[in-house]
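In what follows, a single structure is set out as structure tokens and then discussed.
The values are calculated or read from the model by the stated rules, or taken from the named source; none is laboratory data. The model shown is predicted, which means the values in this text are computed figures rather than measured ones. Neighbour counts are summed over all protein chains in view; Cβ atoms, including those assigned to glycine, are modelled from backbone coordinates with ideal geometry. Accessible surface areas use protein heavy atoms only, side chains included; no ligands, DNA or RNA. Shrake-Rupley method; radii C 1.70, N 1.55, O 1.52, S 1.80 Å.
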Amino acid sequence: MSRRTKEILAKMTLDDKIYHLEQITTATYLTKGSTYKVITGPNSKLKLDKEMIYDIGTSLNLVGAETMIDALTNYLDKSKSKRPPVFMQDVIHGHRTLYPINLAVAASFDRELARELASMAAKEASLDGVGVTFAPMVDLVRDPRWGRVMESSGEDPYMNSEMAKATVRGFQGDMGKYNLAACVKHFAAYGAAEAGRDYNTVDVSERTLREYYLPAYKAAVDAGVKMLMAAFNIVDGVPCVGNKHLMKDILRDEWGFDGVVISDYGAVEEMIVHGACEDKKEAALRAIEAECDIEMMSSCYAEHLRALIDEGKVTEEQIDKSVLRILDLKESLGILDNPYRSVNVEESKRVQLSPEHRALARKGAEQSAVLLKNDGVLPFSKNVSSVALIGPLASTGKIHGSWHCGGRAEETVSVYEGLSKLLGDRVKYAPGCYVEYNSEDESLFDEAVELAKSSECVVLCLGEHQDYSGEANCRADIELPEIQYKLLDKILEVNKNVAVALFTGRPLAISRLHNTAPAILNMWMPGTEGGNACANLLFGNAVPSGKITMTFPRALGQCPIYYNHYTTGRPKLLKDDLNRVLYTSSYIDVPNSPLYPFGYGLSYTTFEYSDMSLSAAVMKSDEKIVASAKIKNTGGHKGKEAVQLYIRDVKGSCVRPVKELKGFEKIELDVGEEATVSFEITEPMLRYWNQKLEHVSEKGEFEVFIGKDSTCVPFAKFELI
Ligand code: GLC
């Protein structure tokens, strides 16, 4: 905290301080439309003083420079204290120029790309008056039924941590005028919701919490993230936002985080619904004791903190600590000097959706796409005489993901637009079927089949509507809809030169698609430039290089399924994968192996790994050893390869995963080119949380793997002594 913020605090009344801890929608302050949204819309349930709302410290979610200026001017005009608010926004994967969903960006295995994309989003949002983004979301996920896997970086703690650091750096930069304060979320383990059902119970041991779920939040904190959001769910039976062990013992005391903590939307009051608090007063007490600084979209603080202070249950010093954190955040954003910060209508119009930003979003989509299968039909030739573009996701702009923020479907390049731009009128379109998962309407089949029959190649755009993933958009069935399979089968009867472009916010259990489609290019939800990226990839202007960071199951029944699992006492060996082996940890009806494993993704070229070496077979805790491999481009296209390092701790006082990602590097190789990739292995990389909850390495044997995905086998061992 600074002298300046302390001076501001000293002039604040208790009511000022309490209202500084509230957050409501920015639309409340608009002069156009109902000014008093406090009594209408989402604020209607809030019991806030109509005068004091102009001294609320922060607000959320409003897009557009002009509307921000209107809201802020009106706020300052009516505010007694004239203390400026900070505007916060869900800038999750882009602001106006949307890049791919985060699960796709992680699949790029490219830290610098993740940073660049976040930096672009920060500039666009800053020019629209935003100061804080509620991102990165770093929740580790293992269950594709959960709608929010699309916001995550997947199932691996190391990948999640690397993407968290890169994204925080991208958003925050040097906290200049085009940067945003980042807010890592959702603390903690929101992605462990049972049955993949949003907001559902989370029940993991503290050891598992620390081993798998906490590292990425810690990585963001260590990267200097300014804010953190407490999750809706319980951890160890206590809602996060009132969980002192999580929020104080671990976050504040153990990690030393002194940034702002905000609740998720209404989560403070939801402690009553959880059955953890009797009423709003107790919810306010539990949250302030857990040092939740901002209460988003509920009014327990505003209604009860004064009484709690009068009753001696809360001290004004506790309130002051939270107010100072918020004032320090505002100071770091320059808002105390200029309430309007970087908002600029004209510059915003110039920058948003600029050719440069579109080009970067397109690069993000091209680098994140994952080639799941290719029997040789891809890439299609650009000299093709005719292309049948078919499918429910072929002509829509709704391929930019569910956190579209300021992004607009009409500004998103559809596959139809992208292909037409590349190939002109050689592209003919037929919808083929509807996207609804329960559609049984085959009335569009004939037109599509006729078009396929008369075309040289077929691009078939299948998958999910973008609103089938994202918050509260969970699915109990993660197969493609039957109608899409029927369409595919009809198309294949008349044309075998077919590639499926898959649009999805999650891993899907698409064994049937894998068994029938000649090629599958997973575009995820690719963002504003999705159609151009898809066209470039399908026709060879770009070469796929993405690799999945969340396992694709063969069947939903395998979920949760993830690569970094424990062996169990009765593992089914990979060599027996397709056989029935009694009394092993396996299924009667489905192999244990996934459809596509963590780290998997194909290219139009091939890469050969050779000469793997380890610089030593023994390592002391203060030494390091180097693992290396040669990678050669042995195919016919220049391409990129995400080289992965895994390590297995063969024996521990607690059981250890069959392997863990400990490094990755994406390299580009020309045809015939060869490169050596090396990874340093140090003792801290070998540490894990033991039964005493100590973060330690244990002497003994470690296996080392370098490969193209998580199915790679160990090439060497070393002993930590
Ligand atoms: C939502 C989400 C959270 C988001 C917040 C503000 O419910 O859980 O991720 O940042 O509310 O929109």
Simple label model, 7 Å out from Cα along Cβ direction - residue 590 to residue 174, nm: 5.2 nm
Difference of contour (0.36 nm per residue) and Cα-Cα distance, residue 573 to residue 50: 181.7 nm
What's the magnitude of the charge dipole for the chain around its Cα centre, counting Lys and Arg as +1 and Asp and Glu as -1 at the beta-carbon? Answer in Debye, nearest 20. 780 debye
Alpha carbon centroid spacing (whole Å) that separates the stretch 171-229 from the stretch 366-430: 33 Å
Fraction of beta bridges assigned by DSSP in the stretch 607-720 that are antiparallel (%, nearest 5): 95 percent
Got a number for carbon plus sulfur as a percent of the chain's accessible area, 1.4 Å probe? 49 percent
Which whole DSSP H helices in the chain pass both tests: a Cα extent of 30 Å or more along the axis and a mean Kyte-Doolittle value no lower than -1.0? none
As a test, work out the antiparallel percent of DSSP beta bridges whose residues both lie in the chain, rounded to the nearest 5. 55 percent
Contour excess over end-to-end distance, with Cα ends at residue 349 and residue 695 and 0.36 nm allotted per residue: 119.6 nm
Expressed per residue, the solvent accessible area of the stretch 607-720 in Å² (1.4 Å probe) is about 46 Å²
Once you have the Cα-Cα distance between residue 383 and residue 711, take 0.36 nm times their residue separation minus that, and quote the gain in nm to one decimal. 114.4 nm
Within the stretch 357-538, percent of DSSP bridges classed antiparallel, to nearest 5: 20 percent
Charge dipole (debye, nearest 20) of the stretch 229-271; +1 at Cβ of Lys and Arg, -1 at Cβ of Asp and Glu: 40 debye
Derived scalar couplings ³J(HN,Hα) [the stretch 606-616; Karplus, 6.51 cos²θ - 1.76 cosθ + 1.60; whole Hz; x for Gly, Pro]: 10, 10, 10, 9, 8, 6, 6, 8, 10, 5, 7
Taking DSSP loops as anything outside H, G, I, E and B, show the longest stretch in the chain free of chymotrypsin sites (Phe, Trp or Tyr not before Pro) there with at most 14 other beta carbons within 10 Å. 37-565
Straight-line reach only, C-alpha to C-alpha below 21 angstrom: list the lysines that residue 363 could link to, leaving out same-chain residues fewer than 8 apart. 123, 165, 382, 398, 421, 547, 638, 640, 666
Below 17 Å, Cα to Cα, which aspartates and glutamates can residue 50 reach? Residues fewer than 8 away in the same chain don't count. 15, 16, 22, 77, 303
Assuming R0 = 45 Å, can you tell me the calculated FRET efficiency for the pair residue 580 and residue 675, based on Cβ-Cβ distance, to the nearest 0.05? 0.55
Filter the trypsin sites (Lys or Arg not before Pro) in the stretch 134-243 down to the DSSP loop ones having no more than 16 other Cβ atoms within 10 Å, then list what survives. 177, 197
Taking r as the C-beta separation of residue 197 and residue 410 and R0 as 35 Å, the FRET efficiency to the nearest 0.05 is 0.60
So if I take the centroid of the Cα atoms in the stretch 87-107 and the same for the stretch 450-491, what is the distance between those two points in Å? 24 Å
Calculated FRET efficiency, residue 620 and residue 245, Cβ-Cβ r, R0 41 Å, to nearest 0.05? 0.70
Distance-filtered residues of the stretch 424-461 - backbone nitrogen under 12 Å, label point 7 angstrom along residue 486 Cα→Cβ: 433-434, 438-446
Taking a quarter of the surface of the convex hull around the Cα atoms of the chain, what do you get in nm²? 31.9 nm²
